[in-house]
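Asks: The structure is given below, and queries will be raised subsequently.
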Amino acid sequence: MKIRNYIQVKTVEAFHEAAKAADGPITILAGGTDVLVNGREDDVYKDCTVIDIFPVEALHGVCETENMLLIGACTTHEAISHDPLVKQYAPILAEACGAVGSLQTRNRATIGGNLANASPAADTMSALAVLHAELVIERDGEARVEPMTAIFTKPYKTNLAQNDLITTIRVPKQSPNVRYDYVKVGRRKVLSISRMTVATLLEMDNNGVVTRFDMTVGATFPRPMLFPDISAMLVGKRPSEQDIIGVAKALSDKIPEIAGIRKSTIYKQPVCRNISERSLRKLFADILK
Ligand SMILES: Cc1cc2nc3c(=O)[nH]c(=O)nc-3n(C[C@H](O)[C@H](O)[C@H](O)COP(=O)(O)OP(=O)(O)OC[C@H]3O[C@@H](n4cnc5c(N)ncnc54)[C@H](O)[C@@H]3O)c2cc1C
């Protein structure tokens, strides 16, 4: 891989200094599992100063505030999938991170890189969408917070400037009553890029009435999306079998509506419908009895 210069930094401040001082374009390097693959084929990074942020300790690990989990952008998928706080307060994310690639990939690949790379097939996106996660992004030492879904413009493109550093993924802590399901469909069981993910998160009151519901599909739309109209189909209801069939149909109808009719539509639409029905029947098993 051809590059102009390589700088390794150990603090976020050093990153900002290096980014400011760089002559020409910069590329952030975290785990490198996307950067090295992209750089292998041609000369995409030949004019770039590559700034390696993986050694920045402050960007690794998970901590909590009263309402939020704060996940450092360089935390690896493997670390997140086993983290006790994530398993307790956002288990759908632990599952999504555990579904990424192989153990070798998960041990190096980071959550920040997964998002900034903006592949529609990124496994964490559908889970982070239904969790209503936010990103802390720093530019020249100034931090801003954006909804996770807001940074994506189209496949492999974000609105991040080259010196925008994702420092933290903020995930609202989920109560123990929250039910979730995460399904990944790939061409094989392990080490497979998603053909589709379906992520569902919901909460009910003591009478089985849904108080909160989000369901989305990954690896299908140009960017991660939430669907308030789908949420509204169940919120305030004690769901019936007919409701489940209706939600699964409405979600799968989003595929041609948003992504257009493609070769994969004939496969993806019924798969989405079947998985969604299955997920919802599992989540509402006690209500449907
Ligand atoms: C064999 C293999 C299997 C894979 N399987 C899967 C899979 O099953 N599911 C899946 O989702 N992905 C998979 N991937 C893709 C990849 O591993 C993930 O997207 C990974 O999370 C990227 O993280 P990274 O740290 O390696 O990113 P890098 O390669 O270091 O960076 C990726 C992009 O993000 C930018 N970037 C990185 N960190 C930041 C930051 N903090 N702020 C701003 N920009 C940043 C970089 O500049 C670059 O553009 C696979 C890759 C390989 C090689």
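Asks: Taking the options 249, 268, name whichever one is in contact with a Ser or Thr (Cβ under 9 Å, 6 or more places away or on another chain), under 21 Å from residue 119 (Cβ atoms) and charged (D, E, K, R).
Replies: 268
Asks: Now for a separate question. For the stretch 142-152, does any single residue satisfy the condition of being assigned to a loop (DSSP other than H, G, I, E, B) and at pLDDT 95 or above?
Replies: no
Asks: Going by the conditions given, is residue 256 surrounded by 15 or more Cβ atoms within 10 Å (Cβ to Cβ) and either on the phi > 0 side of the Ramachandran plot or assigned by TED's automatic domain parsing to the domain that holds residue 216 (or both)?
Replies: The answer is no for residue 256.
Asks: Please indicate, with yes or no, whether at least one residue in the stretch 142-155 is within 9 Å of the ligand (Cβ to nearest atom), surrounded by fewer than 21 Cβ atoms within 10 Å (Cβ to Cβ) and β-branched (Val, Ile, Thr).
Replies: No, the stretch 142-155 contains no residue that is within 9 Å of the ligand (Cβ to nearest atom), surrounded by fewer than 21 Cβ atoms within 10 Å (Cβ to Cβ) and β-branched (Val, Ile, Thr).
Asks: What number of residues within the stretch 200-212 are closer than 13 Å to residue 174 by Cβ and among the aliphatic types (A, V, I, L, M)?
Replies: Number of matching residues: 2.
Asks: Taking the stretch 173-225, which residues are outside any loop (DSSP other than H, G, I, E, B) and more than 25 Å from residue 285 (Cβ to Cβ)?
Replies: 186, 194, 195
Asks: Anything in the stretch 180-218 that is away from the ligand (no atom under 15 Å from the Cβ) and in contact with an Asp or Glu (Cβ under 7 Å, 6 or more places away or on another chain)? List them, or say none.
Replies: Scanning the stretch 180-218 gives 200, 201, 211, 212.
Asks: Does the stretch 230-246 include one or more residues that are acidic (Asp, Glu) and outside any strand (DSSP E or B)?
Replies: yes
Asks: Quick one: which residue in 137, 111 is surrounded by 14 or more Cβ atoms within 10 Å (Cβ to Cβ), in contact with a His (Cβ under 7 Å, 6 or more places away or on another chain), over 23 Å from residue 281 (Cα atoms) and free of Cβ contacts under 8 Å to residues at least 60 places away in the same chain?
Replies: Checking each option against the conditions leaves just 111.
Asks: Another question about this same structure. What's the number of the only condition in (1) surrounded by fewer than 19 Cβ atoms within 10 Å (Cβ to Cβ); (2) under 15 Å from residue 116 (Cα atoms); (3) not polar (S, T, N, Q) that residue 23 fails to meet?
Replies: Looking at each condition in turn, residue 23 falls short on (2).
Asks: So the check is Cβ under 9 Å with 6+ separation or different chains; which pairs have a first residue in the stretch 1-28 that's free of Cβ contacts under 8 Å to residues at least 24 places away in the same chain and a second one that's among the hydroxyl-bearing types (Ser, Thr, Tyr)?
Replies: Taking only residues 6 or more apart or on different chains, the pairs are 21/49.
Asks: Could you list, in sequence order, the residues of the stretch 118-135 that are in contact with a strand residue (DSSP E or B) (Cβ under 8 Å, 6 or more places away or on another chain) and either near the ligand (Cβ under 10 Å from one of its atoms) or part of a loop (DSSP other than H, G, I, E, B) (or both)?
Replies: 118, 120, 121, 122, 123, 125, 131, 132, 133, 135
Asks: Something else: Restricting to the stretch 70-117, what's the tally of residues that are part of a helix (DSSP H, G or I), of a type outside the set (Ser, Thr, Tyr) and within 7 Å of the ligand (Cβ to nearest atom)?
Replies: 7
Every residue, every condition in (1) buried (at least 21 other Cβ atoms within 10 Å of the Cβ); (2) modelled with pLDDT of 95 or more; (3) among the aliphatic types (A, V, I, L, M), yes or no:
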residue	(1), (2), (3)
54	no, yes, no
77	yes, yes, no
94	yes, yes, yes
98	no, yes, no
102	no, no, no
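Asks: Still on this structure, I have one more. Go through the residues of the stretch 158-166 one by one and say whether even a single one is crowded, with 20+ Cβ neighbours inside 10 Å, within 16 Å of the chain's Cα centre (by Cα) and more than 13 Å from the ligand (Cβ to nearest atom).
Replies: no
Asks: Right, another one. Working only within the stretch 17-29, note down all residues that are within 12 Å of the ligand (Cβ to nearest atom) and part of a helix (DSSP H, G or I).
Replies: Across the stretch 17-29, the qualifying residue is only 19.
The values are calculated or read from the model by the stated rules, or taken from the named source; none is laboratory data. This one's a predicted model, so the numbers in the text were calculated from it and none came from an experiment. Neighbour counts run over all protein chains shown; Cβ positions are idealised from the backbone, glycine included.
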